[in-house]
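The values are calculated or read from the model by the stated rules, or taken from the named source; none is laboratory data. As the structure is a computational prediction, the values presented were derived from the model and not from experiment. Methodologically, a virtual Cβ is constructed for each residue, glycine included, from the backbone with ideal geometry; neighbour enumeration extends over all protein chains shown.
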Amino acid sequence: MTITLHAVSLNEQPLSQPITAVFDSQGGTIGRADHNTMALPDPERHISRLQAEIIPMGAGFLIKNVGAANPIVVAGRTLVQGETSPLNHRDQVRIGGYLLKVALGGPDDPRAVEVTRGRAAATGGGLPLDSRAERQSPREPISTPAAAPRSAAPPSIGGMPDFGIPLSSSNPFADLMGGAAPPGVPAAPAPAATDPFADLMPAPAGVAPGSYQLRVMVGDLVVLSQWFEVQDFVKPAYKIDVAPSRQAILAGESVDFDISAAFFEGSPVPGVGLRYNGDVEGELTTDTAGRATLTYTSTVGSAESPIFGDVRWASVMLAPVLAEEGDIGGNATVRVFNAAVSLEAQARVEGATGTVTGTLRAVDLARINDGTAKHLD
């Protein structure tokens, strides 16, 4: 059982390479943070770090809005924080400026580029690739540049420096992105002997904030395609770290989130007011050591308020109560297993006789909490 979400447009402009994520029986999350199953880049921060959860439900899926900032729209219905809606084939979901389309049973577009946790896979479809970085505003449609003769070096784009360098005839990958820095750009230090990827290309100067795509070709052969963002950085006054006492709990159990606020040189930030939201909301204040503890007790389903699926995520996000110049925040998530046992059942009818067989397994969270469980992402 799988469901696929395609991000096909941003601010009403089509994406040339749709962002795609596949969710299975474990569900997943959507947000602007890179650790989400479906990461949606959002420099304007209209999307929360953790905006929505995809929850398995029987033979289908639910979407739950867990972000405190903005609602999401599913098939024309607006969901505020805490509300859920079933997802049906070909439904449209709007999160921030993104328009997402739903496909049950797997991707319905084989040309889509699957992006998991914000990392784009190289593909021969979509945009053609070349050995330069191209600036692309999120509000502008991405156009395909005209192919240039092989002998001509590609021009610089959008104020970006030109990284096109002739290839060695004996080694087509030699000096793929090296060479001298463009005029006005200081020479980069020599790469460390232990890091073969250090100083892969010279640092560009005067790059405007926005979204960029690094595209590399050897002749007509696609080698690499990678999106990245450039943002104006304002150093925050301090940082917030959040660490759960356990990585997974059973429904009805509690978990402590250890919160610390500290300046970058390590000294604590005492008496700072923090607002938290997610699966629990409120405010707290750090002590003289810059620390605080938030205890969350997960909910248990009932006949009146059922909880669907085997696993869900509990999240907490913190930010200062008072406005700060820099972007200050911290967040953490834990898995919540809705039952201590897992049942797999089969039914067979022969004539007037029905037979039900099944396998009952106990849920053991020890390997998740000690960090030895694998393939959980």
Residue match in the range 277-288 (condition: modelled with pLDDT of 90 or more, in a strand (DSSP E or B) and touching a helix residue (DSSP H, G or I) at 6+ places or on another chain (Cβ under 7 Å)): no
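If we scan the range 299-311, do we find a residue that is out of contact with any helix residue (DSSP H, G or I) (no Cβ under 8 Å at 6 or more places or on another chain) and at pLDDT 90 or above? Steps first, please.
Pass one, the range 299-311, residues out of contact with any helix residue (DSSP H, G or I) (no Cβ under 8 Å at 6 or more places or on another chain): 299-311.
Narrowing the set further to residues that are at pLDDT 90 or above leaves none.
So far as the range 299-311 goes, no, none of its residues is out of contact with any helix residue (DSSP H, G or I) (no Cβ under 8 Å at 6 or more places or on another chain) and at pLDDT 90 or above.
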Matching residues, the range 180-235, being at pLDDT 70 or above and either in contact with a Cys (Cβ under 8 Å, 6 or more places away or on another chain) or at positive phi (or both): Gly210, Gly219
Selected residue [surrounded by fewer than 19 Cβ atoms within 10 Å (Cβ to Cβ) and within 26 Å of the chain's Cα centre (by Cα)] from Thr299, Thr293: Thr299
Of residues in the range 239-276 being under 24 Å from the mean Cα position of the chain (by Cα) and assigned to a loop (DSSP other than H, G, I, E, B), the one surrounded by the most Cβ atoms within 10 Å (Cβ to Cβ): Gln247
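Quick grid of which residues meet (1) of a type in the set (Ser, Thr, Tyr); (2) in contact (Cβ under 8 Å) with a residue 12 or more places away in the chain; (3) within 26 Å of Asn36 (Cα to Cα):
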site: Arg291; (1), (2), (3): no, yes, no
site: Ser305; (1), (2), (3): yes, no, no
site: Ala314; (1), (2), (3): no, yes, yes
site: Pro320; (1), (2), (3): no, yes, yes
site: Thr333; (1), (2), (3): yes, yes, yes
site: Phe337; (1), (2), (3): no, yes, yes
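Conditions tested, residue by residue: (1) touching a Pro at 6+ places or on another chain (Cβ under 9 Å); (2) modelled with pLDDT under 90.
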{"site": "Arg45", "(1), (2)": "no, yes"}
{"site": "Arg49", "(1), (2)": "no, yes"}
{"site": "Gly58", "(1), (2)": "no, yes"}
{"site": "Phe61", "(1), (2)": "yes, no"}
{"site": "Ala69", "(1), (2)": "no, yes"}
{"site": "Gln81", "(1), (2)": "yes, yes"}
{"site": "Tyr98", "(1), (2)": "no, no"}
Residue in the range 342-357 that is among the polar types (S, T, N, Q), over 21 Å from Ala33 (Cβ atoms), modelled with pLDDT under 90 and in the same structural domain as Ala243 (by TED's automatic domain parsing) present: no
Close pairs from the range 362-373: first surrounded by 10 or more Cβ atoms within 10 Å (Cβ to Cβ), partner part of a helix (DSSP H, G or I), Cβ under 7 Å, at least 6 apart: Ala373/Arg367
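Assess whether Asp327 counts as being in contact (Cβ under 8 Å) with a residue 24 or more places away in the chain and in a loop (DSSP other than H, G, I, E, B). Even if it seems obvious, please write down each step before you answer.
Working: in contact (Cβ under 8 Å) with a residue 24 or more places away in the chain: yes; in a loop (DSSP other than H, G, I, E, B): yes.
Judged against the criteria, Asp327 is a match.
Is one or more of the residues making up the range 26-47 outside any strand (DSSP E or B), hydrophobic (A, V, I, L, M, F, W, C), crowded, with 22+ Cβ neighbours inside 10 Å and in contact (Cβ under 8 Å) with a residue 40 or more places away in the chain?
Taking the range 26-47 first, the residues outside any strand (DSSP E or B) are 26, 32-37, 40-47.
Filter once more, keeping what is hydrophobic (A, V, I, L, M, F, W, C): 33, 40, 47.
Now drop any that are not crowded, with 22+ Cβ neighbours inside 10 Å, which leaves 40, 47.
Now narrow it down to the ones that are in contact (Cβ under 8 Å) with a residue 40 or more places away in the chain: 40, 47.
Yes, some residue in the range 26-47 is outside any strand (DSSP E or B), hydrophobic (A, V, I, L, M, F, W, C), crowded, with 22+ Cβ neighbours inside 10 Å and in contact (Cβ under 8 Å) with a residue 40 or more places away in the chain.
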Which numbered condition Val234 misses (of (1) closer than 30 Å to Asn369 by Cβ; (2) of a type in the set (A, V, I, L, M); (3) touching a residue at least 60 places away in the same chain (Cβ under 8 Å)): (1)
